[in-house]
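Below: one structure, written as structure tokens.
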Amino acid sequence: MPSPPGLTAVIVDVPAASPVVGSWRARFDSSAPLGVPPHVTILFPFLSLPAMTATDRADLAAIVGAEPGFTVTFAALGTFATVEGTPEVLYLEPSPAEPFRRLTEALAARWPQCPPYEGAFDEVIPHLTVTETAPPEQVSAARRAIARVLPIRASIDTVTLIDFDGTRWRRHMQFPMGGTGRS
């Protein structure tokens, strides 16, 4: 089912992962061809753009600003079991994962009408998706290729609000950790 225009997500963009996972994501992550960069999701779906108020933006900036920036290392790969007959999801595990978890919990507490992944999971596990539509042999190939070049390290100092215009996802606004929002 296509996403409606105005849909948003709060993510941590991880450009340092692009050289390692970009080609895999382009082929086997349905969000990549629509403009979503390598990222760790903080909250999806979030408020629609038409519903978002200045207070919502200010609160988002304050919550993100309360979390200090940090360095993350992606040194391991994991998989999510999926419904029978669907491909498993291959992902990079962030360490530390706790800052991502804290942000998700804080945003979900502030906007309870926006539970992570619409409440589909009992536990939200911070991750950077590599493949979600790959057949098993391609998941294995991706795992082998990526494992050879790990770890990936990245400085995390902003959170990004992305929105879908009906065709592509785009960066709408960035919120510095420890600061205020900027467009």
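The values are calculated or read from the model by the stated rules, or taken from the named source; none is laboratory data. As the structure is a prediction and not an experimental result, all values here were calculated from the model. Methodologically, a virtual Cβ is constructed for each residue, glycine included, from the backbone with ideal geometry; neighbour enumeration extends over all protein chains shown. The area values use the complete protein model at the heavy-atom level, side chains included, leaving out ligands, DNA and RNA. Shrake-Rupley method; radii C 1.70, N 1.55, O 1.52, S 1.80 Å.
The Cα-based radius of gyration of the range 84-183, divided by its Kirkwood radius, gives an Rg/Rh of 1.00. In the chain, helices alone account for a calculated mean residue ellipticity at 222 nm of -8000 deg cm²/dmol, with every DSSP H run of four or more residues adding -39,500 (n - 2.57). Computed from the Cβ-Cβ distance with R0 of 25 Å, the FRET efficiency linking Glu123 to Arg148 stands at 0.25.
Across all C-alpha atoms in the chain, the radius of gyration and Dmax reach 15.9, 48 Å. Between Ala141 and Arg27, the distance separating the two model label sites (each 7 Å from Cα on the Cα→Cβ line) works out to 0.4 nm. For GluC sites (Glu not before Pro), the sites in the range 30-114 that DSSP calls loop and that have at most 10 other Cβ atoms within 10 Å are Glu84. Taking 0.36 nm per residue of sequence separation and removing the Cα-Cα distance, the Ser3/Ala51 pair yields an extension gain of 15.7 nm. Ordered from longest to shortest, the equivalent ellipsoid semi-axes for the range 2-96 are 26, 19, 13 Å, each the square root of 5 times a Cα gyration tensor eigenvalue.
Quick one: pull the percent of accessible area on the chain belonging to carbon and sulfur, 1.4 Å probe, ligands and nucleic acids left out. Looking at the chain in its full context, I get 55 percent from C and S. Compared with the dominant principal axis of the Cα atoms in the chain, helix 136-147 is inclined by about 80°.
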